[in-house]
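Novice: Dropping the structure in here first, questions after.
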Amino acid sequence: MASFIIIPLLLLFISAVHLFLHRRSRCRRLRLPPGTLGLPFVGETLQLISAYKSDNPEPFMDQRVKRYGPIFTTHVFGEPTVFSADPETNRFILLNEGKLFECSYPGSISNLLGKHSLLLMKGSLHKRMHSLTMSFANSSIIKDHLLVDIDRLIRLNLDSWSDRILLMEEAKKITFELTVKQLMSFDPGEWTETLRKEYVLVIEGFFSVPLPLFSSTYRRAIKARTKVAEALTLVVRERRKESVMGEKKNDMLGALLASGYHFSDEEIVDFMLALLVAGYETTSTIMTLAVKFLTETPLALAQLKEEHDQIRAKKSCPEAPLEWTDYKSMAFTQCVVNETLRVANIIGAIFRRAMTDINIKGYTIPKGWRVVASFRAVHLNPDHYKDARTFNPWRWQSNSEASSPSNVYTPFGGGPRLCPGYELARVVLSVFLHRIVTRYSWFPAEEDKLVFFPTTRTQKRYPIIVKRREESRLSKSP
């Protein structure tokens, strides 16, 4: 009986070893980027995870760049992989999306987002959806009507803050409500909060084993994803009926239905589901880290307060809505935004797969290999930015760094998959900073630090003690 189990396992092991040796033999014939594939099967996965689970993930890249150069070969998560810390190579990868490279993400993420999400779409469908999203989130649309909603919802949320808050949780609540409003015109309420709770479960499953039988986290995520999709499908169908009756709403769903492309319910639901994830996770993390970095840099916080106090002083009422001219006058705020994006590296890298053998910088990337373009390694490279690992918003006031080449500063990616909401994210962060610094003073409730696996975030969700600025003037800040 035991032989029926042992023999298949032995054959599987022999096949795996044969495949591994065959790959190594082929690799020797090609001029691969320098590096090592590490141990059989495991490669250098454990070293990578260990680095990113610490509060300093840089040594994994730094050591290999120093030894092999900015383009190197390794073997992580079961696959031979080429890492690039070279801005020119990163730009080449971004611009050749769909020609030489294609998106390649873990199965758990792909399954939970859906094949029609903007992250996974390919070809003409991606081009149409990306173009529509860009047109809806451009500066003129933000100026004409989105800014009002952004400012109103941020003020509404800040009004509910108590003495002690978890800033990352509050930021996530804000960004989720903003995204729901912009996608479907829903104001905050019981429906949006129920949807948000399901989203938390979906996101928790992104970095789990994509096998429901073995992972309870992934199983919960799949169930939550089904509930979210059902809720969004009902909204889409109701809006189709309203559209037939001549009712129109000025939101992203309305733009999709009026586009003339005849998107299916499934395509629209996958698309909106993924956009909600993007708004919920990335923008909220940037908001939290901006406050953390400013708290740790008192001179920058003081200058930011001065800029926003001047804007507030010009208003007839302190709570008067912000206007587009106010946003455009936030010069130092934009320096803070730029520096937060550079240091935080919320999108630290993008993952692609070579569609054919690719020659670049004298090396060959074999067909089928995974390629990782690291934006983080470029943004934190002292060859590109002086004291690169220091939060210094004033660097963006100097001509040299404010005019960094487009292939060096890439917080929103680039090429055909440039983040379509990049301008919207900047506006949301700017308005949030205006409202928090003019309303509150704060200090950390306890020590918190950054962690980087599986995503960049603070370990304790950044707990802070907040006081209304009018109140804080009556007593000394701790």
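Novice: What angle, in degrees between 0 and 90 and rounded to the nearest 10, separates the Cα long axis of helix 422-439 from the longest principal axis of the Cα atoms of the chain?
Specialist: So the inclination is approximately 40 degrees.
Novice: Where in region 247-276 are there GluC sites (Glu not before Pro) that are in a DSSP coil and have at most 13 other Cβ atoms within 10 angstrom of their Cβ? Numbers along the way, then the final one.
Specialist: Details: sites: GLU247, GLU266, GLU267; in loops: GLU247.
Sites meeting the loop and neighbour criteria: GLU247.
Novice: Moving to a separate point now. Using only Cα atoms, find the angle between the long axis of helix 216-244 and the longest principal axis of the chain, and express it within 0 to 90 degrees, rounded to the nearest 10.
Specialist: Here the helix axis deviates by roughly 60 degrees.
Novice: Can you list the HN-Hα couplings for region 40-56, worked out from phi with the Karplus curve (6.51, -1.76, 1.60; θ = phi - 60°), rounded to whole Hz and with x for Gly and Pro?
Specialist: Working through the residues one at a time gives x, 6, 7, x, 10, 4, 5, 5, 5, 4, 4, 5, 7, 7, 8, 8, 8 Hz.
Novice: By average Cβ neighbour count within 10 Å, what is the ranking of 443-450, 99-106, 329-336 from highest down?
Specialist: Numbers: 443-450: 13.6, 99-106: 16.9, 329-336: 18.9.
Top to bottom by mean Cβ count within 10 Å: 329-336, 99-106, 443-450.
Novice: Here's something else I'd like to know. Once every DSSP H run of n ≥ 4 in the chain is given -39500 (n - 2.57) and the sum is divided by its residues, what mean residue ellipticity at 222 nm do you get, rounded to the nearest 500 deg cm²/dmol?
Specialist: Result for the chain, helices only: -16500 deg cm²/dmol.
Novice: Tell me, what is the FRET efficiency for ARG67 and SER215 to the nearest 0.05, using R0 = 45 angstrom and their Cβ-Cβ distance as r? Don't skip to the answer; put the middle values down first.
Specialist: Values: r = 36 Å, r/R0 = 0.80.
That pair, ARG67 with SER215, gives E of 0.80.
Quick note: the coordinates plus some simple rules give every number you see, no bench work behind them. Please read all numbers here as calculations on a predicted model, not as lab measurements. As a convention, Cβ positions derive from the backbone with ideal geometry for all residues, glycine included, and neighbour counts pool all protein chains shown.
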